[in-house]
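Each remark here refers to the structure printed beneath this line.
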Amino acid sequence: MKHALVTGASRGIGLAIAEELLIEGFRVTGTNRKSPFPDALTGSEMFRGISVDLGEQAQIAQNLKPVFESDLPDVLINNAGIFMDADFLITDEKWLEVWDRTLAVNLRSSSLLCKWFVNAHLKTGSEGVIINISSRAAYRGDTQEYAAYAASKAGMAAFTKSMARNFSKQGVVAYTIAPGFIETDMARESVEILGKEALTRGSAFDEITQPAEVAKLAAFLAKGEVRHMTGSTFHINGGSYMV
């Protein structure tokens, strides 16, 4: 039975991915920060939850590093992320606070987990799959208020390619999934700031993409059946950004 670690598994895309992996027969370790894990996860014997603030390195080391040492996942899915606005007109101090927090959660922590994952698999000689959930914003940019978010997700995509180039021969492949707006709490928060029309503007559909679609894509990649697509980015954005 394969074991997957999914960050940010208590809601949104992460929850949908965790649920889909359980259906596919994976054992899942999920992380959360404040939102409780729903019964759909806690009711399964194949799920374990870990609470951790991914913006705090001490917590990551204490709560998550032991997973890679004693219960090495076959699959790492870095999904957790924050979406904080920082207008260019605010003070430098407040602007940098948003940038530092965003990069710490979205990029720094996910990269550290990847480092632990890669090193553990190289040590054991086992195959592994990394799936980093980036964003459409990494490729087309975002509004200036969310430049930190776009930059963090672009960094995640570039880091994924670097891992793919360096470690695929040794058995660890890496993929990026780049969603557009997905029907989640984060998207609903965006509606309050940008307006409902912004979520489907430029889309080939009159509806927002559902988390289940991202989850099915992640579960497929997690099976390790398309290893020669390592380094690839899978865009799922309703046709709003086509490559």
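The values are calculated or read from the model by the stated rules, or taken from the named source; none is laboratory data. No experiment lies behind these values; they were computed from the predicted model shown. Positions of Cβ are generated from backbone atoms using ideal geometry, with glycine treated the same way; all protein chains shown enter the neighbour counts.
Key figures
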{"item": "Unmet criterion (only one of (1) touching a helix residue (DSSP H, G or I) at 6+ places or on another chain (Cβ under 6 Å); (2) farther than 17 Å from VAL129 by Cβ) for GLU20", "result": "(2)"}
{"item": "All helices (runs of 4 or more DSSP H) inside region 88-146 with 1 or more residues being of a type outside the set (Lys, Arg) and either modelled with pLDDT under 95 or in contact with a strand residue (DSSP E or B) (Cβ under 9 Å, 6 or more places away or on another chain) (or both)", "result": "109-124, 137-140"}
{"item": "Selection count, region 157-186, where residues are part of a helix (DSSP H, G or I) and under 16 Å from MET84 (Cβ atoms)", "result": "2"}
{"item": "Among the residues listed as ILE90, ILE182, ILE131, the single one being touching a residue at least 12 places away in the same chain (Cβ under 8 Å) and farther than 21 Å from GLY224 by Cα", "result": "ILE182"}
{"item": "Tabulated pairs, region 221-235, first within 14 Å of THR160 (Cβ to Cβ), second surrounded by fewer than 15 Cβ atoms within 10 Å (Cβ to Cβ), C-beta under 8 angstrom, 6+ apart or interchain", "result": "GLY231/ARG165; THR233/VAL243; HIS235/MET242; HIS235/VAL243"}
{"item": "Those residues of region 76-87 which are within 9 Å of the chain's Cα centre (by Cα) and in a loop (DSSP other than H, G, I, E, B), in sequence order", "result": "ASN79, ALA80, GLY81"}
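Residue by residue, here is whether (1) touching a Phe, Trp or Tyr at 6+ places or on another chain (Cβ under 6 Å); (2) surrounded by 13 or more Cβ atoms within 10 Å (Cβ to Cβ); (3) of a type in the set (A, V, I, L, M, F, W, C) holds:
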site	(1), (2), (3)
LEU64	no, yes, yes
PHE68	yes, yes, yes
ASP71	no, no, no
ASN78	no, yes, no
PHE88	no, no, yes
LYS94	no, no, no
ARG108	no, yes, no
TRP116	yes, yes, yes
VAL129	no, yes, yes
